[in-house]
Amino acid sequence: MSETAHHQILIVGGGTAGITVAASLRRRMGGRNLHIAIIEPAEEHYYQPALTLVGAGVQSLAQNRRPESGLIPSGVKWIKGAVAAFDPENNKVELDSGDTCSYDYLIVCPGLELNWDAVQGAQEALGKNGVCSNYDPRYVEYTWTCIKDLKPGAKALFTQPPLPFKCPGAPQKIAYLTADHLKKRGSLGDCDLKFLTHAPGMFSVPLFAAELVKVAARYGIDVRFQHNLVAIDGDAKKATFEVGGGDNEGETLILDYDMIHASPPQRSPEAVRTSPLANEGGYVDVHQHTMQSTKYTNVFSLGDACSTPNSKTAAAIRKQSPTVVRNLLHVIDGGTLEEGYDGYASCPLTTALGKCIIAEFIYGGKVTPTFPLDPRKERWSYWWIKTTGLPVMYWNYMLKGHEWFFKHDTNYVEPTS
Ligand SMILES: Cc1cc2nc3c(=O)[nH]c(=O)nc-3n(C[C@H](O)[C@H](O)[C@H](O)COP(=O)(O)OP(=O)(O)OC[C@H]3O[C@@H](n4cnc5c(N)ncnc54)[C@H](O)[C@@H]3O)c2cc1C
């Protein structure tokens, strides 16, 4: 028999955003006696930004995984299940078990789902015959197996899907780390590496795009813009691309490979896409500075599933969460909403083993570095931040609701040469 339970604040999704926002709420609730619950189906949580490092053999999957039970903040109830449908007119959600939960306030953050079905043959091909993906924890360790197995003369393909997808740099970061491995082994010159992206350029922010073009050229990576992966034939080791622009627009390109790192098309979960909360694209429609739903004043959203036009990163959530928490408390207390989120996102671009560029920017692609250094430069210190500093900050501070973050420089003037 289905049951209904009531929770004052209901959070849908206990990933990066859900845990961060719940922990911050607990810290900021002061004298208020808030009842908070998180609906989350998964038993384990991964620090997804490190999946690039796992695929490159730099870190293990196990060191980037924690049981969900240890992350739910104390005093917050964990409802183990998934939301199947939203009913915001009646302040209710329906779970996959058939139970319903009602709420006073709702925070929606169920992330993105990997849509492997959009690439014909991918589901069957993944995890064998050289087909790997850092995006999927089931296949990320196989990426490293594939890289190690590359022989002189090997052909390796790296693909980037249409937007939106998690982390704007992840599809190309693994290409650079693979190239650097081959270089250190002395076989880079013998191999044929291609980066095929649906996008018309290397990166959405011109300052960083210009640097990344140079990095790819340094390794001799053949970059093809407006090439979209549509099929993988795992047995024949052939990948099919549709060409969306340039001289060969409208053509189909079939390439042989020994290894293909596929980055899947992504979309919001079905329960969000089909709900009254969603915009035309299927994302929870929110005001881009306040994170409040455009349709329901008692609903907020953050993270990958919301509509804000920032790059979908954990770094963005770090800056969205305080805005959501403060504004939710303003709604509860009858205050005025703050326009607190400026579109900040950060993407540490691992350009070599031991080298990184940290791309930080806000809405409109304005570059906003945190450190007073030329943000275009590859640095070992940024590699340390990516591999050591940020994971410590994530597990010990961000997911525990600490909000003392370094400020990014919104007055930064980009270099002209
Ligand atoms: C390969 C890779 C590299 C990346 N690199 C970086 C990086 O360098 N820097 C960076 O900042 N970011 C990076 N990211 C992106 C970052 O990890 C994500 O943007 C971030 O984790 C999104 O958080 P989220 O809470 O929105 O989603 P998630 O953390 O994915 O959590 C969503 C949660 O919702 C749950 N859920 C799903 N459906 C439902 C439902 N119907 N009901 C209830 N719960 C549901 C899921 O089980 C999941 O636990 C990377 C991601 C990948 C995959």
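The values are calculated or read from the model by the stated rules, or taken from the named source; none is laboratory data. As the structure is a computational prediction, the values presented were derived from the model and not from experiment. FYI the Cβ positions are ideal-geometry reconstructions off the backbone, even for glycines, and counts take in every protein chain you see. The accessibility values were calculated without ligands, DNA or RNA, using every heavy atom of the protein model including side chains. Shrake-Rupley method; radii C 1.70, N 1.55, O 1.52, S 1.80 Å.
To keep it simple, each residue is scored yes or no on (1) open to solvent by 10 Å² or more (accessible area, probe 1.4 Å); (2) within 20 Å of the chain's Cα centre (by Cα); (3) touching a residue at least 24 places away in the same chain (Cβ under 8 Å).
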residue	(1), (2), (3)
Q320	no, yes, yes
G334	yes, no, no
A359	no, yes, yes
I362	yes, yes, yes
G365	yes, yes, yes
W383	yes, yes, yes
W395	yes, yes, yes
M398	no, yes, yes
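Scanning region 221-252 for residues that are surrounded by 18 or more Cβ atoms within 10 Å (Cβ to Cβ) and aliphatic (A, V, I, L, M) turns up I221, V223, L229, I232, A239, V243. Among strands (runs of 3 or more DSSP E) lying entirely in region 289-377, which contain 3 or more residues that are within 15 Å of the ligand (Cβ to nearest atom) and of a type outside the set (S, T, Y)? The qualifying strands (runs of 3 or more DSSP E) are 345-352, 355-362. Scanning region 112-127 for residues that are in contact with a Lys or Arg (Cβ under 8 Å, 6 or more places away or on another chain) and either under 30 Å from L328 (Cα atoms) or not in a loop (DSSP other than H, G, I, E, B) (or both) turns up L112, E113. Could you tell me whether V272 is more than 28 Å from F195 (Cα to Cα), surrounded by 21 or more Cβ atoms within 10 Å (Cβ to Cβ), in contact (Cβ under 8 Å) with a residue 40 or more places away in the chain and aliphatic (A, V, I, L, M)? In short, yes. Kindly provide the set of residues from region 22-48 that are more than 9 Å from the ligand (Cβ to nearest atom), in a helix (DSSP H, G or I) and touching a helix residue (DSSP H, G or I) at 6+ places or on another chain (Cβ under 9 Å), ordered by number. Selection gives A23, S24, L25, R27, R28.
Residue by residue, here is whether (1) in the same structural domain as A56 (by TED's automatic domain parsing); (2) outside any loop (DSSP other than H, G, I, E, B); (3) open to solvent by less than 10 Å² (accessible area, probe 1.4 Å); (4) within 16 Å of I260 (Cβ to Cβ) holds:
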| residue | (1), (2), (3), (4) |
| --- | --- |
| N129 | no, no, no, yes |
| F158 | no, yes, yes, yes |
| L163 | no, no, no, no |
| L177 | no, yes, yes, yes |
| D180 | no, yes, yes, no |
